[in-house]
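The values are calculated or read from the model by the stated rules, or taken from the named source; none is laboratory data. None of the values given here were measured: they were computed from a predicted structure. Positions of Cβ are generated from backbone atoms using ideal geometry, with glycine treated the same way; all protein chains shown enter the neighbour counts. Calculation scope for accessible area: heavy atoms of the full protein, side chains included, ligands and nucleic acids excluded. Shrake-Rupley method; radii C 1.70, N 1.55, O 1.52, S 1.80 Å.
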Amino acid sequence: MRLRGVVAGGVLAALAATTLLLAGCVSPRWEGPPSDHFDGTRFHNKTPFDVGLGDLLRFYATRDPGEWVRNLLLPPGVPPSQRVDDGSLRLTFVNHATVLVQVDGMNLLTDPIWSERASPLSWAGPRRYRPPGIRFSDLPPIDVVVISHNHYDHLDIPTLRRLATIHQPVFVVPAGDQVLLEEAGIAQVVALDWWQSHRLVNGCALTAVPVRHWSGRTLGDRNLSLWAGYVIESAGGPIYFAGDTGYDDHFADAHARFGPMRAALLPIGAYKPRWLTAYQHMDPSDAIRAHIELQAAFSLGIHHGTFELADDGMHEPAAQLARVQRAHALHDMRFAAGVEGSAYSLAAKEQSRPCNSQGTS
């Protein structure tokens, strides 16, 4: 049986782990007092979930995968501008959860992956069905890289090393993942717990916010590091990056703290079957609920159409997003499923405000 799916990807990574990790020797990766999401060693969600081996076996016994067609010859998109400093916001969808955010003279990349596989192995694991929408060589100078969690489709060490060598950005990661980057020889790493902030190169704050997910790259490191979304402060209003998450009240919490979002990057794929994935991945209906709760002026659907991680088909998330909008008469909702290589621009706001000093490292 061919290993596929988000759970299968985790199993594949686990099988690649060393036998020493199987011995159960666990060392904390984050030093801090216990909290409502940290017991001193491992992190956990506000709303607990537990998926075990029995669920994995049921998944394989009842699979009904959608259609995926590989095409790695698609042409790349137009090279992005070097900077956007006229008060507007430009979002370029590379694919999966990789987005180039250009605002206030700053260039930021989310969960960058240019590798062929989202896997610890070069010969197995989830493989691309579509190439990155922007060539790596066409990237403008990258100032900041944000990582939402350490799954292989979101934290890709080969890509991060290339970025570190060529661009020397600051890498912002959830608490505990600084260990992975430092072991890979990557410097300038900032690790954040939920609600902690870091001051960006343009003076604005980047804040890690709660999401509902989990972490782990081997059998021995489950939840030793945190998972997070981010709110990027800009002169025209906050920008929300969800990373990878199931639906929960954390969207309402982010809105309560930061106000309406100028834009939101929300995952819409890898959502079938719901009995297995709902705790960790949103479907398009969940994403629309999140868009409404964030009061986002514009949302971009990410995390779809690149790696086959669950039973929804390659084009199903985008089509389902459109169907949900029609069913609820939400025709004027500004929520687009990201297209590789495409740029989405939001004009400068008339009443923009300079970044304040609320964030602290």
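Here are a few things to note about the model shown:
- Of all residues in region 188-201 being part of a loop (DSSP other than H, G, I, E, B) and open to solvent by less than 70 Å² (accessible area, probe 1.4 Å), the one that is farthest from Val170 (Cα to Cα): Trp194
- The one condition in (1) open to solvent by 10 Å² or more (accessible area, probe 1.4 Å); (2) more than 28 Å from Pro158 (Cα to Cα); (3) modelled with pLDDT under 95 that Gly10 fails to fulfil: (2)
- Against the conditions (1) in contact (Cβ under 8 Å) with a residue 12 or more places away in the chain; (2) open to solvent by 30 Å² or more (accessible area, probe 1.4 Å); (3) among the β-branched types (Val, Ile, Thr), Ile292 satisfies every one except (1).
- The residues of region 177-201 that are small (Gly, Ala, Ser), touching a helix residue (DSSP H, G or I) at 6+ places or on another chain (Cβ under 9 Å) and touching a residue at least 40 places away in the same chain (Cβ under 8 Å) amount to a single one, Ala191.
- Test for Asp153: is it in contact (Cβ under 8 Å) with a residue 24 or more places away in the chain, open to solvent by less than 20 Å² (accessible area, probe 1.4 Å), among the charged types (D, E, K, R) and over 20 Å from Glu31 (Cα atoms): yes
- Filtered by the rule that a residue be open to solvent by less than 30 Å² (accessible area, probe 1.4 Å) and either at pLDDT below 95 or of a type in the set (D, E, K, R) (or both), region 69-87 gives a lone residue, Gly87.
- Looking across region 41-68 at every residue that is modelled with pLDDT under 85 and part of a loop (DSSP other than H, G, I, E, B), the one that is most open to solvent (accessible area, probe 1.4 Å) is identified as Asp50.
- Restricting region 204-218 to residues that are part of a loop (DSSP other than H, G, I, E, B) and among the hydroxyl-bearing types (Ser, Thr, Tyr), the residue that is least open to solvent (accessible area, probe 1.4 Å): Ser215
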